[in-house]
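Each remark here refers to the structure printed beneath this line.
The values are calculated or read from the model by the stated rules, or taken from the named source; none is laboratory data. These figures come from a predicted structure and were not determined experimentally. We place every Cβ from the backbone using ideal geometry, glycine too, and count neighbours over all the protein chains shown.
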Amino acid sequence: MAVVVVTSGPGSPGTTTSALALALTWPRHVLLADCDRDPSHAVLAGWLRGLDAGGRGLPSVAQAHRERRPLADELWLHTLALTGSGGVDRRFLPGFATPQAVALFDGVWGPLVDAFRALDAMGVDVVVDAGRVGPRGLAADVVAGADVVVAVTGSHLRSLAALRLHLPTVQDQLRRLPTEVPLGLCVVGPGRPYGTDEIARQFGVDVWGTLPWDARAAAVLLDGEPAPKRFEQQGFMGQARAVAQRLEERTHGLRESREALIHA
Ligand SMILES: Nc1ncnc2c1ncn2[C@@H]1O[C@H](COP(=O)(O)OP(=O)(O)OP(=O)(O)O)[C@@H](O)[C@H]1O
Ligand SMILES: [Mg+2]
């Protein structure tokens, strides 16, 4: 099981583009969960071309929680297909329907994250688009339920300066957890101008992956532009696939070593 929480500082393109690319190339069944507390419906409007979620997503999750229905049993009912049929199930949990709904969700994050973790029984991993780091970090229950946290950043100074301001809040949250939850960076557009080695050194955080700076690919993912030939195999998505593969191996490696510790 893997719960991969993707976040960023302000001005860092782009959490959603990167999380979506990972979900579309993830090597196992996967759920992309829009848990951004600054909701924008970017995936519904863009990749899903304005699809009406019909109330599914965090709104129906909140309703189920109010009605004391066990989320783990029915989480799938609150999701939509992210892609057509294929060997791998790729589902999407839409985000908040209104910005005001976020404040009412405090008691729901914990049960929702428990339901994410319970998806393991179905062989499903979860990529959480947690949006930007807020003034108090990320939702505490989301951090506590993560296997790994990935902070997305550009390689330019504006993006790095913003990350420098906000990453310590997440690092503090992670330090307070009873078990270690590793944090890594995903650099979008490395070498524009700073390279991954320098970024890793400056932050003291490993760079786990890079994605190309590719406005055309981002427009296919976020603006519903038509995909060029072999889009899913090459270029941006090819690189995303490699990052997804390494992240999946990392999270499953972590799980195995935790289980070995428990049984030792
Ligand atoms: N790899 C990329 N190459 C070029 N442009 C990109 C890339 N990733 C994202 N962008 C562009 O950056 C902008 C923001 O992207 P995105 O919505 O993914 O960021 P975000 O961090 O989720 O933003 P928000 O805070 O609004 O949720 C979009 O216009 C998108 O097209
Ligand atoms: Mg976003």
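At a glance:
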{"quantity": "Answer residue from region 1-11, given it is within 12 Å of ligand 1 (Cβ to nearest atom) and surrounded by fewer than 24 Cβ atoms within 10 Å (Cβ to Cβ) and is modelled with the highest pLDDT among those", "calculated": "PRO10"}
{"quantity": "Test: residue in region 106-118 that is closer than 26 Å to GLY14 by Cβ, assigned to a strand (DSSP E or B), modelled with pLDDT of 95 or more and touching a Cys at 6+ places or on another chain (Cβ under 9 Å)", "calculated": "no"}
{"quantity": "Evaluation of VAL88 against (1) of a type in the set (A, V, I, L, M); (2) modelled with pLDDT under 95; (3) closer than 19 Å to VAL143 by Cα (one fails), failing number", "calculated": "(3)"}
{"quantity": "Top-ranked residue of region 194-249 - restricted to ones that are touching a strand residue (DSSP E or B) at 6+ places or on another chain (Cβ under 7 Å) and part of a loop (DSSP other than H, G, I, E, B), ranked as farthest from ligand 1 (Cβ to nearest atom)", "calculated": "ASP206"}
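For (1) within 16 Å of ligand 2 (Cβ to nearest atom); (2) in contact (Cβ under 8 Å) with a residue 40 or more places away in the chain; (3) closer than 30 Å to PRO190 by Cα, each residue gets a yes or a no:
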| site | (1), (2), (3) |
| --- | --- |
| VAL4 | yes, yes, yes |
| GLY11 | yes, yes, yes |
| ALA21 | yes, yes, yes |
| PRO27 | no, yes, yes |
| THR83 | no, yes, yes |
| GLY87 | no, no, no |
| GLN100 | no, no, no |
| ALA103 | no, no, no |
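Condition check ((1) in contact with a Lys or Arg (Cβ under 9 Å, 6 or more places away or on another chain); (2) within 16 Å of PRO94 (Cα to Cα); (3) outside any loop (DSSP other than H, G, I, E, B); (4) within 9 Å of ligand 1 (Cβ to nearest atom)) across all residues:
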position: THR16; (1), (2), (3), (4): no, yes, yes, yes
position: ALA23; (1), (2), (3), (4): yes, yes, yes, no
position: ARG37; (1), (2), (3), (4): yes, yes, no, no
position: VAL43; (1), (2), (3), (4): no, yes, yes, no
position: ARG49; (1), (2), (3), (4): no, yes, no, no
position: ALA53; (1), (2), (3), (4): no, yes, no, no
position: GLN63; (1), (2), (3), (4): yes, yes, yes, no
